[in-house]
Each structure stands twice: as structure tokens, then as C-alpha cells.
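I have placed the structure first, in the form of C-alpha cells, so that the comments after it can refer back to it.
Quick note: the coordinates plus some simple rules give every number you see, no bench work behind them. Small disclaimer: the values here were computed from a predicted structure and weren't measured. Cβ placement follows ideal geometry from the backbone for every residue including glycine, while neighbour counts extend to all protein chains displayed.
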Amino acid sequence: MSGDETTGRSPGPRWWIRDAGPADAADIVRLVRELAAYERQPQAVVATAEDFAAALARGHRLVHAVVAEVATPERPPAGTRRAVVAGIAVWFVSFSTWRGRHGIWLEDLFVSPDHRGLGLGRALLARLAAIAVELGYERVEWNVLDWNEPAIAFYRRLGAEALDEWTVHRLSGDALWALAARDTTTRWPERGPVTSAD
């Protein structure tokens, strides 16, 4: 993946899109928590900055992220940065057995409400589309909550299509461990009950 930056040219504060790394972990967690609060599940986030730093630092990473940064005033107060991470797109590589091609699965896209209206969401998605094209991937896919009408309308304006005939299923927590225990090829460690959240 390219480390090139995309810079905003619209009126208003200067902003840019760049690849994220371990140093961005605290900002990513902050925005994931903001997203969870918006999605009415603030208690569901258990991921830490350390989790994201480790995931983004691995030599053969399984998770990737791009961030949108917005410049702060020319002379910010002492002890503050000259830019703030205002948006994230966290993604990983998927694969279509029907198409025989890789794609991008967008796990989270979020722009902080204080920085909406600058074009950051569109720029983050444009960066993912460019990464997909650069790598020869055929598509970018994601979930959206059915009540999130503003997001759905935004995605439709970009040309995304809703796959209404598909339903998401998840196996986690005790159900995951119970099914794993039925695998005869692996010996699993003992464990207690675990609650799961997305």
C-alpha cells in the first residue's frame, strides 16, 4: 500500500489523508469509541490502543487503516499538535470465492462530528477505492446499520449498492468455543465463559 498523502483542496481548514501506523493507535481507539457511542453501543468497545498498535505494527499486517488529519491553527497552544486525527477507515483484505479476487472489507469508517462537512468521509473512501484499484482488487464492501439513513444516503451518492438479500451472521463467545470443541483435528485449551461484543 502506498504511503502517499491526499491533501484537501476545499475551503476551510487544511486536511490530508495518510496511512496509519502504531503511533496513531490512541487516536484510532478514540474515534472507534465515538463511533460506538453514535451507534448506541458505547460499552461494546473493549479494544485498547495497545491492541491497535500491535495490529498495525506487525510485519505481515492483517489489519490496515488510513486516517484523516485536520490542521490546527498556525500557532497552537503549547503542548498541542499542529493536526488532529479527525477520521478513520479501518480495513482488511477479503476474498470472493465466486470472483476469485481479493477485495477490501471496511470495518469502520468514521469522521468526528466536529470535522464533518470538509469532505473527509468521501476522501477516506476514495483512498480505499484507490488502494483497491492499485492492488487489483475488485471491490470495497462494508456494513451499515439499517437505521443510519444519513450514511446510507451518502454511500448511495457515491455509487454503492445495498445488498439487501444478504444477512450478517456472527459466531462468537460461548457459541464459538462450543463449536470449536467439536473440531476433531485440534486440542483446545480450557476456558471460562466469555461475553462478546462488536
Open item on the list: What distance in nm lies between label points placed 7 Å from Cα along the C-beta direction at Leu62 and Val133?
Closed with: 3.1
Open item on the list: Give me the percent relative contact order of the range 6-164, please, defined on Cα pairs under 8 angstrom at least 6 residues apart.
Closed with: 19
Open item on the list: Give the separation of the Cα centroids, the range 35-66 to the range 121-175, in Å.
Closed with: 18
Task: Computed label-point distance, nm, for sites Ala26 and His169 using a 7 Å Cα→Cβ extension - done: 4.3
Task: Point-charge dipole on Cβ atoms (K/R +1, D/E -1) for the range 6-164, about Cα centre, debye to 20 - done: 520
- [ ] Can you pull the one-decimal nm distance between simple spin-label points at Arg99 and Leu179, each 7 Å off the Cα toward Cβ?
- [x] 2.5
